[in-house]
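Notes follow the structure.
Nothing in this text is a laboratory measurement; each read-out follows from the coordinates by a stated rule. Nothing here was measured: the structure is a model prediction, and the numbers come from that model. FYI the Cβ positions are ideal-geometry reconstructions off the backbone, even for glycines, and counts take in every protein chain you see.
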Amino acid sequence: MTRLIVRRVLWTVPVILLVILMTFVLMRQIEGNPFRHSERAIPESIQQNLEEKYGLDDPWYVQYLRYVKGVVTLDLGPSLVLRNRDVNDIVREHFPPSLELGALAMAFALVFGIPLGLLAALRANKWPDYTAMVVANVGFAVPSFLVATLLIYFFAVRWGDVFDVPTSGWESWQSKVLPTIALGLGPMAYFARLTRGSVLETLQQDYIRTARAKGLRRRRVVVVHTLRNSLIPVVTAAGPILGFLITGSFVIEQIFAIPGIGRYYVTAVTARDYSVVMGLTVLLALIVIVANMVVDILYGILDPRTREAR
Amino acid sequence: MSTTPHQRRALLSPLRLRRERRYPELPNGVPGEAGTPVRASSLWRDAWYRYIRNRAAVIAGVAFLALLAYCLVWPLVSPYDPYEVDFSQASESPSLAHPFGTDQFGRDLFTRTALGGRVSIGIGFAATLVILSIGVAYGAIAGFLGGFVDNTLMRILDALYGLPYLPFAIIVLAIFGGGNFWTMVVALSIASWFTTARIVRGQIITLKENDYVRAAHAVGARWLRVLGRHLLPNTLGVLVIAVFLELPGVILGEAFLSFIGLGISPPDASWGSMAQDGYRAYRTSPHIIIVPSVAIAYLILCANFIADGLRDALDPRTRET
Amino acid sequence: MRITTRALVAAVVAGSFAVLAAGCGGGGAGGDEGGPIDQVITINWGTEPPSLDPGLATDTTSADVLLNIMDPLVKLGDDLEPVPNLAESWDISEDGKTVTFHLRADGRWTSGDPVTAHDFEWSWKRTISPDLAADYAYQFFGIAGASEYNSCKSGCAAMRDEVGIRALDDSTLQVTLTSPQPWFVQQAAHTSFLAVHRPTVEQFGDNWTEPTNIVTNGPFELARWDHNSRLDLVRWDDWRDAGSVKLERINGRMISEGTTAVQAFEAGEIDMTAGLPPEELPRLKDTEAYSQYPGLGTYYYGFNVEQITDVKQRRAMSMAIDRQSIIDNIAQADQLPATGFTPEGMPGFDTLNPDSPWLPASGDIDQAKELMAEVANPKTDVTLLINDSPGHREIAVAVQAMWKQLGLDVTIRQQEWAQFLEFLGPPPDASVDVYRLGWIGDYVDAMNFLELWTCKSGNNNSNYCDPEYDALVAEARQTADNDDRYELYGELEDKLLGEDGAVPITPIYWYTYVQLERPTIKDSLNVNLLNQTDYSKVEEVEAG
Amino acid sequence: MSAPLLEVRDLRTHFFTREGVVRAVDGVSLSVDRGRTLGLVGESGCGKSVTALSIIGLIPKPPARIVGGEVIFDGRDLTKLSERELEDVRGERIAMIFQDPMTSLNPTLTIETQLVETIRRHNDVSKREARRRGIELLDEVGIPNPDARIRDYPHHLSGGMRQRVMIAIALSCEPDLLIADEPTTALDVTVQAQVLDLLDELRREHDMAMIVITHDMGVIAEVADQVAVMYAGQIVEQASAVELFARPEHPYTEALLGALPQLEDAASRAGRLTAIPGRPPSLLDPPEGCRFAARCPYAGEPDGCAEHPPELRELRPGHLVRSEHPASERARSREGAPA
């Protein structure tokens, strides 16, 4: 297990370099000027001053090495667009809300999705199953921007006095309710379906029959024998979803005016803020790698067979 | 080998909804199990029979074909010009003349939804096919060459597995300066093939160990022939399922990108860009956002149930029992 | 803390029907519980201000904040004329090339230091310096020696001393210009011309604008700045004229999505917001909260004259556009259909406006078709370049349909902003036939608009180049007398859009600014033509 | 004669599927005396496992349902018990072990957990005590080094060892009846005999009754006192093992025995039962008459087998058969009318 983790950590290094290179190459293909934000032209001399200041006049390999060095030394450099800010500042300020939103949405998805799926599986092909699966399928299929829009309209605007949730922002706990639901509904539906399928499959396993033949109480059969084994595919799917929730929530962040990293990423790409895009992409890759590692560890805990196999 | 088999299974089973239970030593005559009189039919015919027994999958399949027919045929016969601007009819609610209402320009949404569907579904399938092609190539190379190459390629995938594709899609769209059909396809597939590559590679490895492949190899068949004759055809089932599993993600991705304004250029529209149009007007004309959103949901539901049906019909593990 | 309940109580106490009629809460967040009017309002800045460093700020959001936390030399009056502020008076030399500001003695920094002419000299030269690499250094290029210093490679220190900005003593600031620039005093109202606190900047470097570090000298202080989320201002009670400032606190949110902002307003979370989506305007127009201000800006389509070479085709295309329909059905904010390039409200407008025959408000499709028929080799496949922000797409679709009637097959090419700017040039990419742009005044003189179309202008994206036009612009620059200059501007407008004009552009409409304002503050709010709000004059009052 | 420990009367378990009703168990009656072993034999799909699962109420519901009959165990009809009452019977009074030890143990839990939970479910003992008993049991079923092995996960053990663990779990509460469903089928040939010996030995030591379900006549010969032969959801012949092997009556039993290789020859095992030509009928829509008629070499027009299902009748005391053509009658008729 420890060896596995060490190996994964070591593999992180070339992969991060690869991600930096990938992003660097991609970003260099983009036309556009990070210093020109409006239709107003920038005089040649000023453009030169700016390029010199940020080293954009250096050869590409010098710039690449500078980025790599920046990542290694955890100093991602200054933003080209927000003139008084470092990428580190931006990450520090915008990452926590995204992380929190992603974590809340994930928690919402798991806390509601797994029981819903379990309920559906244990009452397979009866009305609780059908109800749960209608909820899950609709939740999965309806785009989150519509969900967000409807939630805001009904709960914050139309019945705002009753529900006491604000339309936007990320400060009070009330303000976090609607974004969490809007973002978490899709994954919740996904987990519900995943859990249902997985539980149904586990229930057919011979060892479940054994457990029942031993006279174990139904609760124990479900909780200890069925659920635990059924969670393995759920955990496997949870890693990438967490990555997606933390980084891919730009639509939700936009609609709810949440100062998060996803919303900022789009702005940075649009504004050609190379250093910010680079920094955020690396951060994103790191999150995914860490999430995958956590999944592997959880996986090892849930399934002892994989523990020694590696 | 780390986590592959289970993760592979997780990827294939999330949407598993209706699957016949495997009965303990099944009595003769229980459908689809040992003891059923052997039909001398091919894998695909067998799969077809399994598929049409799945009511939800059949309904979804029919619904999907109906959607395709609507998108392809309706714009040809529609009485309305989908591009003609007529402000006197702007933002009308659904009525008999305009079942889905009209948009801000007075264009018939029933016709434009069909056009948008062509674009969305087209982008969806094209991107899915690109994803599968890259994934198959990568996975096949890794699974087939094995050893050091496999190890390196897979460690990279292990790390990138689950990397959200949308940020890269945004960069790609910025490179192209905006969206049109093909730039959307590239954007949506550039960082989405990791999962497929893993599935294919796992499938190839499993099949490589199979007796008949070994046998074919033992009697001196060349690898290329083994690959073409045995491995890929057997992976095909998994890939067909993967098409419908990938499709919802791609369709939603297209919708999100369009929603933040990186969609395809007007006057063409996709469902995502139509939803973006509708979002800002939702208070006065809610139908403009609801129509394309529901269309997206409809397509995703169809794809899900079709994927479920296909998997139950084609999943080799079901077949083995 | 939620405000709805208390605000409703407050509204009832004040006997106000309006708040209830608006169907939402009201009043501001925060403040004391006592009176019905707490002088605390919550506004929407729209976006994160990219920089609160006057030397580096280039955008309207930063300007909105800066103009309320800093003390400019002059402010702009109702007719955009310069009004004394920190400078109690100024002299302009006979030749118009030297401007001398006389500063008040009671200007103070929040650190306690007095605000002096030396602060301005240092600040302006800092902005001009190549080290800072400020985008808006060019705002100073009308000052003698400024552009030389900005592009210096060596001997910069000496060149710095050559720049025509000099503090003669603590209260006298002398500026030497390269030419007479009658608009210079107005220009000094721009954020680039604010002073910064030298010791603070030197101590904290790039981070001097953070709330814990910043030293300001205006009516409000920066109380809180959570990036991309909140920026709050509080009244600075030691400001030289603090007694006249009514508002105690301005809580500022940053909601960039218009739909979200409208929802927040209707839910009573904010008291004021701009950036309303045009689609919402028909519904909002009837509410009491809706207000609308004329703006000093022009929304226009530009032709690439090297692609659409025949002036008749350009005139035909210009005439085919039904501006009023675009305003009524798409833009929806009662913008004015443009009759020239320089917008209404600009000093001298009556003299300079060409009342262009090529810009009929509701279009003239018949005459446009006639003109089109005369075109020898019309370019019928037209590429229209727009950027992908909301609003432009809709107008482009409408124009596309209008031009279709001329037999033109228009392809709309939508690009995201930075890429779009690359394609615009100048010179514009050869694939671009028509593009959309807008121009909003930096300072209050038609020169700011008309100099765009000189041959070497960095904003001339039309490939239009007429030496006579350039000569007229040069002449206007040297003309200190307003009336004479306005005549020259009229000639320039004619060259563009007059009877014999080259029509390198076809203006669509002149901007208006629309926003939602809580009726309790509406009457005292004022947004000037440059879209600036002076919160030191805003007061929360009972709704009428 | 005392009442049998278990008596199954006319048990009918049907599967209600979309295609129709599958009569997996269609009127099975059998009984097991205390301390004795009943062998239940038949080819795959004949319903013998479903019979066993019906007894302890583990059939998959839906689609299966017991539609008729009684399962009298120690004086109580198990089909009438609630799920909770059944849970008390299972494991404690009736234990069951399954065919595939590789899949019958939960792969994610240690042997200890799976043993201890069973012991503590039915006995009020401390964890420590349960663990001690668990180790004893492992020792008893012949697992070497039991205090170390108990901490292992199933995948650490070989198939034979796992089946021993299954047996240990089954024995943990000293059941009165042990149902062993194909207990040796999935094991290596060399291990099969050991496991069978172990089962038989333990049965004697613990004075249990046992139902051994198998398709392997060799297994029956080794352990069974009584034998019931099942075909297509019904019992076709029942007798003591000695009697059955000496004088099989039903043509199907004859065929089974005829196909029995002389020696324990694993290689031919797979082909053993299919040596009878034809296939068993679908239970979805079983033939009205004798279910074996289609494969019966003696069935002919005049006997009416195709129309009238034969009843289970007692040819000799303790020897029941369901056929119009039992061997002894055939012999008599051959004597009467030589060919």
Item to complete: Assign one of three labels to the range C:71-199, namely rounded, prolate or oblate, based on the Cα gyration tensor with a ≥ b ≥ c the square roots of its eigenvalues; rounded applies when a/c is under 1.5, prolate when it is not and a/b is larger than b/c, and oblate otherwise.
Response: oblate
Fill in: Karplus 3J(HN,Hα) series, Hz, for the range D:305-320 with 6.51 cos²θ - 1.76 cosθ + 1.60 (x for Gly, Pro)
3, 5, 9, 10, x, x, 8, 6, 10, 8, 6, 10, x, x, 10, 9
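Order of C:274-286, B:195-207, C:180-192 by packing, highest average Cβ count within 10 Å first? Could you put the intermediate results ahead of the total?
Values: C:274-286: 18.8, B:195-207: 23.8, C:180-192: 22.2.
Listed from highest to lowest mean packing, they are B:195-207, C:180-192, C:274-286.
Only Lys, Arg, Asp and Glu count, each charged at its Cβ (+1, +1, -1, -1), so figure out the dipole size of the range A:23-62 about its Cα centre, rounded to 20 debye. Write down the numbers at each step before the final one.
On the way: 4 positive and 7 negative charges, 30 e Å.
Here the range A:23-62 has a charge dipole of around 140 debye.
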Discussion item. Strictly over 30 Å apart at the Cα level, which of C:Lys97/C:Lys456; A:Lys214/D:Lys80; C:Lys456/C:Lys537; C:Lys495/C:Lys537; C:Lys75/C:Lys246 would you flag in this model?
Written reply: C:Lys456/C:Lys537; C:Lys495/C:Lys537
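Using a ≥ b ≥ c from the Cα gyration tensor of the protein assembly as shown (square roots of the eigenvalues), is it rounded, prolate or oblate, where a/c under 1.5 gives rounded and otherwise the larger of a/b and b/c decides, a/b for prolate?
Numbers: a/c = 2.78, a/b = 2.41, b/c = 1.15.
It is prolate, given that a/c is not under 1.5 and a/b is the larger ratio.
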Response to the item:
Between the alpha carbon centres of the range A:81-138 and the range C:389-415 the gap in Å comes to 40 Å
Fill in: Nonlocal amide H pairs with C:Arg413, under 5 Å, H built at 1.01 Å
C:Leu384, C:Leu385, C:Ile386
Practice prompt. Would you grab the residues whose amide H sits under 5 Å from the one on C:Leu103? Only those 5+ places off in sequence or on another chain, please, with H modelled 1.01 Å from N.
Written response: C:Glu88, C:Thr172, C:Leu173
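Can you give me the span-like helices of chain D, meaning DSSP H runs with 15 Å or more of Cα extent along the axis and Kyte-Doolittle mean at or above 0.0?
Values: long enough: D:111-122 (17 Å, -0.59); D:127-140 (19 Å, -1.60); D:159-171 (18 Å, 0.85); D:189-206 (26 Å, -0.24).
Once both thresholds are applied, what remains is D:159-171.
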Response to the item:
The farthest towards the positive end of the charge dipole of the range D:3-122, of the residues D:Gly47, D:Ile66, D:Met102, given +1 on Cβ of Lys and Arg and -1 on Cβ of Asp and Glu, is D:Ile66
Worksheet item: For chain A, with the dipole built from +1 on Lys and Arg beta-carbon atoms and -1 on Asp and Glu ones, taken about the Cα centre, which of A:Val138, A:Ala182, A:Thr149 lies farthest toward the positive end?
Response: A:Val138
Response to the item:
For D:Thr17, the residues 5 or more places away or on another chain with a placed amide H closer than 5 Å to its own amide H are D:Val22
Worksheet item: Spin-label point model (7 Å from Cα, Cβ direction): what's the A:Arg66 to C:Ala376 distance in nm?
Response: 5.3 nm
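Enumerate the helices in chain A for which the Kyte-Doolittle hydropathy averages -1.0 or more and the C-alpha atoms extend at least 20 Å along the helix's axis, using complete DSSP H runs. Before the final figure, lay out the partial values.
Details: long enough: A:2-29 (41 Å, 1.50); A:87-122 (50 Å, 1.24); A:127-141 (21 Å, 0.72); A:177-203 (35 Å, 0.91); A:228-247 (29 Å, 1.28); A:274-302 (41 Å, 2.27).
Span-like helices, by this rule, are A:2-29, A:87-122, A:127-141, A:177-203, A:228-247, A:274-302.
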Item to complete: Could you pull out every one of the aspartates and glutamates with an alpha carbon less than 17 Å from that of C:Lys153, ignoring same-chain neighbours closer than 8 positions?
Response: A:Glu44, A:Glu51, A:Glu52, A:Asp57, C:Asp131, C:Asp161, C:Glu162
Item to complete: Sort the following peptides by mean Cβ neighbour count (other Cβ atoms within 10 Å, averaged over residues), highest first: A:181-188, B:53-60.
Response: A:181-188, B:53-60
Discussion item. Apply the a/c threshold of 1.5 to the C-alpha gyration tensor of chain C and tell me whether it is rounded, prolate or oblate.
Written reply: oblate
Worksheet entry | Signed unit charges on C-beta, dipole axis of the range C:454-528, positive-most listed residue C:Leu516, C:Tyr469, C:Thr479 | C:Leu516
Fill in: Along chain D, longest interval not containing exposed trypsin sites (Lys or Arg not before Pro), exposed being DSSP loop plus at most 13 other Cβ atoms within 10 Å
D:152-339
Worksheet, complete the sentence: Here the FRET efficiency for C:Ser111 versus C:Asp226, based on Cβ atoms and R0 = 22 Å and rounded to 0.05, is 0.40
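To the nearest 20 Debye, how big is the dipole of the protein assembly as shown about its Cα centre, given +1 on the beta carbon of each Lys and Arg and -1 on that of each Asp and Glu? Walk me through the numbers before you get to the answer.
Values: 136 positive and 184 negative charges, 1826 e Å.
Result for the protein assembly as shown is approximately 8780 debye, rounded to the nearest 20.
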Worksheet entry | Residue-averaged beta-carbon neighbours from other chains (10 angstrom radius) around A:231-239 | 5
Worksheet entry | Nitroxide proxy distance, nm - points 7 Å out along Cα→Cβ at A:Trp173 and C:Glu81 | 5.9 nm
Worksheet item: Among all the aspartates and glutamates, which ones have a C-alpha under 20 Å from A:Lys126's C-alpha, if same-chain residues fewer than 8 places away are not counted?
Response: A:Glu201, B:Glu20, B:Asp308, D:Glu19, D:Glu83
Practice prompt. Give the cysteines in chain D for which no other Cys Cβ lies under 4.7 Å away, or write none if there are none.
Written response: D:Cys46, D:Cys173, D:Cys296
Worksheet item: Measuring from label point to label point, each 7 Å out along Cα→Cβ, what is the A:Val162 to B:Ser88 span in nm?
Response: 4.2 nm
